[in-house]
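For reference, the structure is listed below as structure tokens.
Just so you know, all these numbers are worked out from the coordinates, no wet-lab data involved. Note that the structure is a prediction, hence the values are computed from the model and not measured. Glycine also receives a Cβ, built like all others from the backbone with ideal geometry; neighbour counts cover every protein chain displayed.
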Number of protein chains: 2
Amino acid sequence: MSKSVHSVVIVGGSAAGLRCACRLARLQPGWKITVVEKREIFSVAGCGLPYVLSGEVADAEALRLTADGVRRDAQYFREMKGVEVLAGWLASGVDAQAHKLRIARGGAEKVLDWDDLVLATGARPQRLPGQPDHPRVRSLHSFDDLAPLTAGLRRGEIERVIVVGASFVGCELAEAFAALWGAEVRLFEAGLAPLADNVDLEVGAIAARALEEGGVKVQTGAKVERVRAGADDAAVIVGAETHAAQLVMVAIGMEPVVELALRAGVALGPTRAISVDDRLATSVPHIWAIGDCIQVPQGVSERPVYLPLGSHANRQGRTLANILAGRADRFEPVVGVRALKVFDCHVAAAGVTRRVAADRGLPVRSVWLAARDRADYWPEAKELFLHLLYQPGTRRVVGVQAAGQGDVTKRIDVAAQLLHYGATLEDFARLEHAYAPPFAPALDPLAVAAHIALNQEDGIEALSPAHVTSKLDLLDVRRAAESAERPLGGPKVRQIPLGELPGRTAELSGHEWLVVCERGARSAEAVRRLAAAGIKARYLGGGLHWLRAAGWAERLAE
Amino acid sequence: MSKSVHSVVIVGGSAAGLRCACRLARLQPGWKITVVEKREIFSVAGCGLPYVLSGEVADAEALRLTADGVRRDAQYFREMKGVEVLAGWLASGVDAQAHKLRIARGGAEKVLDWDDLVLATGARPQRLPGQPDHPRVRSLHSFDDLAPLTAGLRRGEIERVIVVGASFVGCELAEAFAALWGAEVRLFEAGLAPLADNVDLEVGAIAARALEEGGVKVQTGAKVERVRAGADDAAVIVGAETHAAQLVMVAIGMEPVVELALRAGVALGPTRAISVDDRLATSVPHIWAIGDCIQVPQGVSERPVYLPLGSHANRQGRTLANILAGRADRFEPVVGVRALKVFDCHVAAAGVTRRVAADRGLPVRSVWLAARDRADYWPEAKELFLHLLYQPGTRRVVGVQAAGQGDVTKRIDVAAQLLHYGATLEDFARLEHAYAPPFAPALDPLAVAAHIALNQEDGIEALSPAHVTSKLDLLDVRRAAESAERPLGGPKVRQIPLGELPGRTAELSGHEWLVVCERGARSAEAVRRLAAAGIKARYLGGGLHWLRAAGWAERLAE
């Protein structure tokens, strides 16, 4: 009988592997489904770990419970899901021809036969060059990483922390140490702003400011070249400077765990993650791969990308179960959606950034919008900053990034669907949304951003808030009272309220103006009127609101 | 020169008309754009009126301000937008052949010449049969309706209020009178649950419960046949009963204002609103119509619907401006998206309801999901109840409704985009979303609802929470401790925890079971296992959570 039972062995007991195992056990109840997991404690919602550290999630155990309050341990998976999990067993060798997997636990060894092998080996934190294995130099990735960190914090031994890398996890860690534990936190980032792999500078600067306001010292353009650790402290070396702390957290990104794949002869892709086709098949027959160890194609750029996200892992697990069970299914190219909460600032993005687009030779243009997320008169309306990228020829939207205290992820979720369908600016302009004053303005900010982009294609050009300098000829079109209350500094400022502009264009000829107002709407209108009078002008995208949110307002006064 | 200037006259100074006027003035600065508006105070965000009444918006003036705090009056539109608004002028007659509009103000009259006439005449509250014009019988529609209501409330003269019609406005009014003013409020609704035109019974019942918990007495299936008013009170007659109050608010729905259209010979559609094509042209050349006075085609049902929504009005205004200016544009069929906040419960929907589908001969099936809106372990995760409707053959999703304290409108906004593109259950199942624990679970509830529907197509059938009775054979598969803590009442209950089910199916043969658990996931799994053992069963869609949210839990004990 053992020969006739189809056996699927899955290496890795996180979201992807377990989702695949449970669904497969449902679809093929006669099959033998085994999950090999190197850790004793598994099926932990890893994305929640920083929030345990920050205290926002009070009990780490919560990360292991179902919605009904049941702990997801081996017994749960056996009884409720019909899946055998071998926890604490390491997959140590594989024979792809003979269909055998060698696993080890302490001194013991076993060999498992498989008809299909699923690699769900996950990812691990990238390390700095020469990074020592030392208790004062850590990353936060697994459940086991939590206890030593929280113990040190509780004993008050950690008062100064250095976080290397303003990645999503790096920002979450910086917040956790500063907010809950009151530690003095310095965050070093090699790029020009936090989250450089995920959002462009204008949006990253808003996250940087939220970190600074939360008490984190953010140092950008600061590449950590080395880290050293001793008995009393650890230190990072940045250029000629050495910065010491009691703890250095490394959060420069994730890398796929591919050792077993390589041993099986499975091919990697250009991202150094496992390459799979749209059926999640690797280069070796009957070996499949899912989750944080694989690369996926991105629809917008048509290139493979490495995006280790729990949401993809879940979908891949389900899709592969369908495929192994003989159902028609495929894993489609992804849009690429990611999100972060850092203090009271939300940051999220879908599609490609300007930098990625440039790398791939994709010409894009941008607009910026400083909006409110609900009706203007709704007392709880909050700020929302949108950066929208599109291809000038096709007018196809290729990326949307948002930040602010407002409802950021709603707009990014909506944008993700539109990007999936290849929507143009016109499609964004006519999107329908659930409108009522407590939820949204009558025109959704995404639609307004598309209008601004369509206006830009008509010649009403925006300048990025990142490119503002006091060297430009500035035209302030706010009402006199507004300008008096919050004046623009700098030597080259002219002040003419929008309503007076038609009669006073003669004063402005001979210069090329950067027109400025609070949110961008009035200055865009001014550009249109100036253009009609033959005067060249652009306006400040996102207005002074964006400059203030990014901490760049003083640039106008320099 | 007057002959050579193209003249556009727009009747109605609300969202649609003003948006059209302003954009047209931008696109065609040489044209003469005139808006005729019967009220002195105009460009008021009408959707905000109930929130002024409820005190959530402190100052009614806020409804007239731009994002920059400027009042939108005639001077604003003239100076900032290049649009002439004739406020306080009533459009009293029209000659469609001679292209003339007669307008009146007090005793004065004028005739305006137009090359294009835009009807943006809006909507007004429907009246009950024989409804008297009386200060004690009112509706809330315009800015002018506010003052007498709030004055009466401030003087404490209004302690008992009857609201007729659990429409969106009716629910908002009930909340306003009960929450801010502490009035004793009774809400009479002819349908089986509130919002019957917008959501099905299962979702409407959740809104009803939120109203009841806020202190509003909700009486459904109660058709108000007559209303009478006297010096001291007003009363409604429902069947054999008469209910008196100091104020009766009528909120049974809106109707389009079409008198001027009829005088111009413009054709109405089956909804009795103005019929327009996708260019927003009426049946009469050079007469166009936008906003709450028109009907629009609904993409899902392919039929014209009357959906007076501020969001559509804004888009129509912009689209018509583009068309009049000679640009390629069209107003596409709508999905139909609507939203409501009532106390701390959010309700929203996209696409068609089951009732509308039945009216149109569209076969649909449903699933129900009781989810949390964020990661289960996130402390601020809140309940979200999703009702998803799809066509069994094509698996196309035709409607999504949601209610609860959780982030309802995000899911409806996402669903609206997917419905627009004709998405199937498979498309919903693989949707991408901005995942991080503070924002969403790793699998979005919309994707989970699609999974449930796909399972249903595999034979795992859900029963609507609206159809639960204690006459069914109930199988409770919760853990023993859960069942002991919150036992199911009723005579026909069997209790077998899911984990024990495989060994105990013999006990269950010979009956057809309704399997019950807290949220539906475990009972769906039980149905699968019972089916494998040859036992017929369905499960309770949305589980006991839905029953409790809808106030139906006691039905199991009857």
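Take the Cβ atoms of A:LEU180 and B:ARG160, set R0 to 30 Å, and the FRET efficiency comes out at 0.05. For a modelled paramagnetic label at B:GLU500, 7 Å from Cα along Cα-to-Cβ, the residues of region A:62-94 in reach, with backbone nitrogen under 20 Å, are A:68-71, A:75-82.
Which shape class, rounded, prolate or oblate, goes with chain B when its Cα gyration tensor gives a ≥ b ≥ c as root eigenvalues, a/c under 1.5 marks rounded, and past that a/b bigger than b/c marks prolate? Because a/c hits 1.5 or more and a/b exceeds b/c, chain B counts as prolate. Between the beta carbons of A:HIS6 and A:GLU302, assuming R0 = 30 Å, the FRET efficiency works out to 0.25 to the nearest 0.05. Extending 7 Å from Cα along the Cβ direction at B:ALA325 and again at A:ALA532 yields two label points whose distance is 1.1 nm. Placing unit charges on each Cβ (+1 for Lys and Arg, -1 for Asp and Glu) gives chain A a dipole about its Cα centre, and among A:PRO285, A:VAL248, A:SER301 the Cα reaching farthest toward its positive end belongs to A:PRO285. If both residues of a DSSP beta bridge must be in the protein assembly as shown, then about 55% of such bridges are antiparallel. Binning the C-alpha pair distances of the protein assembly as shown at 20 Å intervals from 0 yields a P(r) profile of 11, 39, 35, 13, 1, 0 %, listed from the shortest bin outward. Placing a label point 7 Å from the Cα of A:PRO135 along the Cα-to-Cβ direction, the distances to the matching points in the other copies come to 8.0 nm, shortest first. When region B:3-152 is described by a simple charge dipole with +1 on each Lys and Arg Cβ and -1 on each Asp and Glu Cβ, the residue from B:LEU90, B:GLY55, B:GLN28 located farthest towards its positive end is B:GLN28. The modelled label-to-label distance between A:ARG263 and A:HIS286, using points 7 Å beyond Cα along the C-beta direction, is 1.9 nm.
Couplings for region A:330-337, taken from phi via the Karplus curve 6.51 cos²θ - 1.76 cosθ + 1.60 with θ = phi - 60°, read 7, 9, 7, x, 9, 6, x, 10 Hz in order; Gly and Pro are left as x.
Between B:GLU507 and A:ALA151, the simple spin-label model (points 7 angstrom out along Cα→Cβ) gives 4.5 nm.
What shape does region B:1-97 have by the C-alpha gyration tensor, where a ≥ b ≥ c are the square roots of the eigenvalues, rounded means a/c under 1.5, and otherwise prolate means a/b greater than b/c and oblate the rest? Cα axes put region B:1-97 in the prolate bin. Counting Cβ atoms of other protein chains within 10 Å of each residue's Cβ and taking the mean over peptide B:410-423 gives 6.
Under a model in which nothing but the beta-carbon of Lys, Arg (+1) and Asp, Glu (-1) is charged, the protein assembly as shown shows a dipole of about 1420 debye around its Cα centre. Between identical copies, the spacing of A:ARG330 label points, each set 7 Å from Cα toward the C-beta atom, reads 2.9 nm from nearest to farthest. Just name one of B:SER14, B:VAL493, B:LEU425: the one whose Cα is farthest towards the positive end of the charge dipole of the protein assembly as shown (beta-carbon charges, Lys/Arg +1, Asp/Glu -1). The Cα lying farthest towards the positive end belongs to B:LEU425. Summarising the amide proton neighbourhood of B:VAL334: residues at separation of 5 or more, or on other chains, whose placed amide H is nearer than 5 Å comprise B:GLN298, B:GLY299. Which residues in region A:153-192 have a backbone N closer than 20 Å to a point placed 7 Å from the Cα of A:ARG226 along the Cα-to-Cβ line? Answer for this model: A:162-165, A:188-190. Each copy carries B:ASP115; placing its label point 7 Å along the C-beta direction from Cα gives inter-copy distances of 7.5 nm, listed from smallest up. Once the Cβ-Cβ distance of A:LYS382 and B:ARG272 is raised to the sixth power relative to R0 = 41 Å, the FRET efficiency obtained is 0.55.
Under a model in which nothing but the beta-carbon of Lys, Arg (+1) and Asp, Glu (-1) is charged, region B:139-180 shows a dipole of about 120 debye around its Cα centre.
Each Lys and Arg adds +1 at its Cβ and each Asp and Glu adds -1 at its Cβ; summed about the Cα centre, region B:195-305 shows a dipole of about 300 debye.
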